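Trainee: Once you've had a glance at the structure underneath, I'll fire off some questions.
The values are calculated or read from the model by the stated rules, or taken from the named source; none is laboratory data. Source: prediction; values computed, not measured. Cβ atoms come from the backbone with ideal geometry, glycine included; neighbour counts cover every protein chain shown.
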């Protein structure tokens, strides 16, 4: 920790270093051309696809990704299964990541604009669709519907991460269990909601092994519910739970110094100590 104040600059170690990297970086968040802790993100995702094919094989005519994030895992699935790899969807490059959009209506609209099926490639085929994760299920439901309308004979969904059952309080935008399709549902029930012919998730063990990282060095909270630090009880959890757990101290105003309506000193860096508690 580095502190800079009227006494100058100083640094101190306030806690023992205990690595807990986000495993979802390897699954989805990080760019595929990067390396994390010495492991290629792209190679991790391809290996997840290979392991997924071993855990959930199926007879099919083509393996296709949900572009672009599902592409490396789809390549690995095709390599391991021997099923030809193909592109059945065209992605609109001008639509961003829909799962972080602020509300359901915008997410649904973004999905409809983002992906378009190649009917000539899909028609009459048994298709394995590989994606990196299912969070709310919006993308996969819309995708299965599009592929059915395009004439796919069978649709087998394969996911290169386990079911997302727990919220993340470290920056990923799913803050409550109510938002997650896997909450309270097993894979067969999720398959029925998606409308696919089958659904298979990679195991947590295989996902972690594909990263080549020690399991103890990774945070798997969104899959396992085991968080690196203690959290508030369930009713008090929200996006700001960590800010409320560790609020910065507010010094009393010095005589003659300007203050805001809440009697907080007005200066650089001050006035926001209790911002998460205000409207």
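Trainee: Can you tell me how many residues in the range 1-40 are over 14 Å from the mean Cα position of the chain (by Cα) and surrounded by 12 or more Cβ atoms within 10 Å (Cβ to Cβ)? If you could, list the steps in order and put the result at the bottom.
Mentor: Step one: filter the range 1-40 for residues over 14 Å from the mean Cα position of the chain (by Cα), giving 1-20, 32-40.
Narrowing further to those that are surrounded by 12 or more Cβ atoms within 10 Å (Cβ to Cβ): 19-20, 32, 35-37, 39-40.
Of the residues in the range 1-40, 8 are over 14 Å from the mean Cα position of the chain (by Cα) and surrounded by 12 or more Cβ atoms within 10 Å (Cβ to Cβ).
Trainee: Could you check how many residues of the range 175-187 are part of a loop (DSSP other than H, G, I, E, B) and either surrounded by 14 or more Cβ atoms within 10 Å (Cβ to Cβ) or within 13 Å of the chain's Cα centre (by Cα) (or both)?
Mentor: Just the residues of the range 175-187 that are part of a loop (DSSP other than H, G, I, E, B), to begin with: 175-176, 180-186.
Next, from what is left, pick out any that are either surrounded by 14 or more Cβ atoms within 10 Å (Cβ to Cβ) or within 13 Å of the chain's Cα centre (by Cα) (or both): 175, 180-183, 185.
Residues flagged as part of a loop (DSSP other than H, G, I, E, B) and either surrounded by 14 or more Cβ atoms within 10 Å (Cβ to Cβ) or within 13 Å of the chain's Cα centre (by Cα) (or both) within the range 175-187 amount to 6.
Trainee: In this structure, is residue 113 part of a helix (DSSP H, G or I), modelled with pLDDT under 95 and either surrounded by fewer than 18 Cβ atoms within 10 Å (Cβ to Cβ) or under 20 Å from the mean Cα position of the chain (by Cα) (or both)?
Mentor: Details: part of a helix (DSSP H, G or I): yes; modelled with pLDDT under 95: yes; either surrounded by fewer than 18 Cβ atoms within 10 Å (Cβ to Cβ) or under 20 Å from the mean Cα position of the chain (by Cα) (or both): yes.
Taking the combined requirement at face value, the residue satisfies it.
Trainee: For residue 59, are the conditions met, namely being over 16 Å from residue 206 (Cα atoms), outside any helix (DSSP H, G or I) and touching a residue at least 60 places away in the same chain (Cβ under 8 Å)? Full working, then the answer.
Mentor: Details: over 16 Å from residue 206 (Cα atoms): yes; outside any helix (DSSP H, G or I): yes; touching a residue at least 60 places away in the same chain (Cβ under 8 Å): yes.
Yes; evaluated as a whole, the condition is true for this residue.
Trainee: Suppose we keep only residues that are touching a strand residue (DSSP E or B) at 6+ places or on another chain (Cβ under 9 Å) and assigned to a loop (DSSP other than H, G, I, E, B) within the range 193-203. Which one would you say is farthest from residue 49 (Cα to Cα)? Spell out the reasoning first.
Mentor: Narrowing the range 193-203 to residues touching a strand residue (DSSP E or B) at 6+ places or on another chain (Cβ under 9 Å): 194-202.
When the remaining residues are screened for being assigned to a loop (DSSP other than H, G, I, E, B), the result is 195-197, 202.
Details: 195: 22, 196: 19, 197: 19, 202: 8 Å.
The selected residue is 195.
Trainee: Do we find a residue being more than 22 Å from residue 221 (Cα to Cα), loosely packed, with under 15 Cβ neighbours inside 10 Å, in contact with a strand residue (DSSP E or B) (Cβ under 7 Å, 6 or more places away or on another chain) and at pLDDT 95 or above anywhere in the range 88-95?
Mentor: No, the conditions are met nowhere in the range 88-95.
Trainee: With the condition kept exactly as written, say whether any residue in the range 138-151 is in contact with a helix residue (DSSP H, G or I) (Cβ under 9 Å, 6 or more places away or on another chain), assigned to a loop (DSSP other than H, G, I, E, B) and at pLDDT 90 or above.
Mentor: Yes: the range 138-151 contains one or more residues that are in contact with a helix residue (DSSP H, G or I) (Cβ under 9 Å, 6 or more places away or on another chain), assigned to a loop (DSSP other than H, G, I, E, B) and at pLDDT 90 or above.
Trainee: Where residues in the range 67-80 are crowded, with 24+ Cβ neighbours inside 10 Å and within 18 Å of residue 144 (Cα to Cα), which of them is nearest to the chain's Cα centre (by Cα)?
Mentor: 70
Trainee: Only one of 106, 190, 127, 172 is assigned to a loop (DSSP other than H, G, I, E, B) and either in contact with a strand residue (DSSP E or B) (Cβ under 9 Å, 6 or more places away or on another chain) or modelled with pLDDT under 95 (or both); which? Break it down into steps so the answer makes sense when it comes.
Mentor: Details: 106 fails: assigned to a loop (DSSP other than H, G, I, E, B); 190 fails: assigned to a loop (DSSP other than H, G, I, E, B); 127 fails: assigned to a loop (DSSP other than H, G, I, E, B).
Step by step, each of 106, 190, 127, 172 is checked, and only 172 is assigned to a loop (DSSP other than H, G, I, E, B) and either in contact with a strand residue (DSSP E or B) (Cβ under 9 Å, 6 or more places away or on another chain) or modelled with pLDDT under 95 (or both).
Trainee: Inspect all residues belonging to the range 198-207 and state whether any of them is more than 27 Å from residue 43 (Cα to Cα) and either touching a helix residue (DSSP H, G or I) at 6+ places or on another chain (Cβ under 6 Å) or buried (at least 24 other Cβ atoms within 10 Å of the Cβ) (or both). Break it down stepwise before answering.
Mentor: Residues of the range 198-207 that are more than 27 Å from residue 43 (Cα to Cα), as a first pass: none.
Within the range 198-207 (the criterion being more than 27 Å from residue 43 (Cα to Cα) and either touching a helix residue (DSSP H, G or I) at 6+ places or on another chain (Cβ under 6 Å) or buried (at least 24 other Cβ atoms within 10 Å of the Cβ) (or both)), the answer is no, since none of the residues qualifies.
Trainee: Still on this structure, please answer the following. Out of 47, 43, 59, 55, report the one residue that is crowded, with 18+ Cβ neighbours inside 10 Å and at pLDDT 95 or above. Reasoning before the result, please.
Mentor: Values: 43 fails: crowded, with 18+ Cβ neighbours inside 10 Å; 59 fails: crowded, with 18+ Cβ neighbours inside 10 Å; 55 fails: crowded, with 18+ Cβ neighbours inside 10 Å.
Checking each option against the conditions leaves just 47.
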